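Below is one structure; the comments refer to it alone.
Nothing in this text is a laboratory measurement; each read-out follows from the coordinates by a stated rule. Everything numeric here is computed off the predicted structure, so don't read it as measured data. Ideal geometry is used to build each Cβ from the backbone, glycine not excepted, and the neighbour counts take in all protein chains shown.
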Amino acid sequence: MGDNPTRAVLTILLSGLCFAFVGMIVRITVEVPVYEKVFFRSIVSLAILGAIAVRNRENPFRRSPRTPFLILRGIFGTTAMTLYFYAIANLTLADATILNKLSPFFVIVFAPLFLKEKLSRYVAPALVAAFVGAVLVIKPQLDFRAGPALGGLLSAAASASAYTVVRSLRGKEPPYKIVFYFALVSTVAMIPPMIVHFVPPAPGALLLLLLAGALATAGQLFLTLAYHQAPATKISIFNYAHVVFALVIGFALWRELPDTLAIVGGGLIVVAAAYNHWRVLAERVVPPPA
């Protein structure tokens, strides 16, 4: 199948909308602990991906020399999702989203360190701008109020670690199996805290959390489909539409607006991403996943 950039852009925008609605549900279900939100979101993905594997007559549990890396990717992904959900619960939806979208810049740092990939000399300005933008969004303070913002930042670092592992598995394991292990690890990891302290969600909240799992799985599948329809160099920048969707939802439901420093910081991060995207296009190098 040939490239279809228009369809790819529409698909990646639909992916961002799905993830924005997941953030909305996480924010709405304030009475449910974060670990339960992660569990219900993950178990739906696990069921959907398991059904896909059965339909394709594949066994995702078949061991391979790369199974430890699949589990490691799951650990990083679970850490990222838990911290991201924590940030969403305590920040504006837009602020939490923009901090999480710093993950491509962490990939730029991690890939040369762990995958021995060459770091372009043009990357430094983008990294500096993204770092300054993050500082403006976080507004470091010497108290616990900065905790959720740091959680959002660390979620980006954990996501980047997961992406780095995924890159090392490229061409060695099918994408569905990588995502399946992510859902499996996330589900299993949340069971111990649920045993210690389980808060039964109200029926409405439970339905919303199950919907979040379905939307998150759809978002991931749309994202994968988008990258099959056009080169990453042409469409990865559209991942940042997720931030716009989060801003609109946050304002519509809670009249949330980031403060001036957060707006400037978020703008710097997006500009840095756009600059890096433009440099990648100029050099014809595939960028890290956003």
Report summary line: For region 183-251, the Cα-Cα pair-distance distribution in 10 Å bins from 0, as whole percents, is 15, 32, 32, 18, 4
Query raised in the report: How large is ³J(HN,Hα), in whole Hz, for each residue of region 264-275 in order, when computed from phi with the Karplus curve 6.51 cos²θ - 1.76 cosθ + 1.60 and θ = phi - 60°, using x for Gly and Pro?
Result: 5, x, x, x, 4, 5, 5, 4, 4, 5, 5, 4
Query raised in the report: Between Val244 and Ile28, how many nm apart are label points set 7 Å from Cα along the C-beta direction?
Result: 2.4 nm
Query raised in the report: Where the only charges are on Cβ atoms (+1 Lys, Arg; -1 Asp, Glu), what is the dipole of region 33-77 about its Cα centre, to the nearest 20 debye?
Result: 180 debye
Query - If the convex hull is drawn through the Cα atoms of region 5-283, its volume per residue in Å³ - result: 141 Å³
Query raised in the report: Once fully extended, how much extra length lies between Leu115 and Leu150, figured as 0.36 nm per residue of separation less the alpha-carbon to alpha-carbon distance?
Result: 10.0 nm
Requested in this report: Would you please name the GluC sites (Glu not before Pro) within region 13-95 that are DSSP coil residues with at most 11 other C-beta atoms within 10 Å of their C-beta?
Outcome: Glu31
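May I ask you to derive the FRET efficiency for Thr224 and Lys139 from their Cβ-Cβ distance with R0 = 30 Å, giving the value to the nearest 0.05?
Numbers: r = 35 Å, r/R0 = 1.18.
Given R0 = 30 Å and the Cβ-Cβ separation, E is 0.25.
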Query raised in the report: Which of Gly147, Pro125, Phe21 sits farthest toward the positive end of the charge dipole of the chain, with +1 on the Cβ of Lys and Arg and -1 on the Cβ of Asp and Glu?
Result: Pro125
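Once you charge only the Cβ atoms, +1 for Lys and Arg and -1 for Asp and Glu, what is the size of the charge dipole of the chain about its Cα centre, to the nearest 20 debye? Don't jump to the answer; show the numbers that get you there.
Numbers: 24 positive and 11 negative charges, 194 e Å.
It comes to approximately 940 debye.
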Report summary line: Checking Ile269, Ile108, Ile52 against a Gaussian network model of the chain (alpha-carbon springs below 10 Å), the top fluctuating residue turns out to be Ile52
Query raised in the report: Over region 5-283, what is the mean sequence separation of C-alpha contacts under 8 Å (at least six apart), divided by residue count, expressed as relative contact order in percent?
Result: 44 percent
Report task. Find, among the chymotrypsin sites (Phe, Trp or Tyr not before Pro) in region 30-64, those assigned to loop by DSSP (not H, G, I, E, B) with at most 16 other beta-carbon atoms within 10 angstrom. Result -> Phe61
Query - Estimated inter-spin distance, Lys234 and Leu253, nm [label 7 Å along Cα→Cβ] - result: 3.4 nm
Requested in this report: Return the lysines within reach of Lys37: Cα separation strictly under 28 angstrom, same-chain partners fewer than 8 residues apart disregarded; answer none if there are no such residues.
Outcome: Lys101, Lys139, Lys177
Report task. Before rounding to the nearest 500, sum -39500 (n - 2.57) across all DSSP H runs of length at least 4 in the chain and divide by the residue total; then give [θ] at 222 nm in deg cm²/dmol. Result -> -26000 deg cm²/dmol
Query raised in the report: Please report, for the Cα atoms of region 103-177, the Rg to one decimal and the Dmax as a whole number; what are they, in angstrom?
Result: 14.9, 45
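Within 10 Å of each candidate Cβ there may be at most 10 other Cβ atoms; applying that plus a DSSP loop requirement, which trypsin sites (Lys or Arg not before Pro) in region 93-132 survive?
Working: sites: Lys101, Lys116, Lys118, Arg121; in loops: Lys101, Lys116, Lys118, Arg121.
Loop-located and lightly packed - Lys116, Lys118, Arg121.
Could you tell me the calculated FRET efficiency between Leu10 and Ala274, based on Cβ-Cβ distance and R0 = 25 angstrom, to the nearest 0.05? Intermediate results must be reported in sequence, preceding the final value.
Details: r = 20 Å, r/R0 = 0.78.
Working from the Cβ atoms, E equals 0.80.
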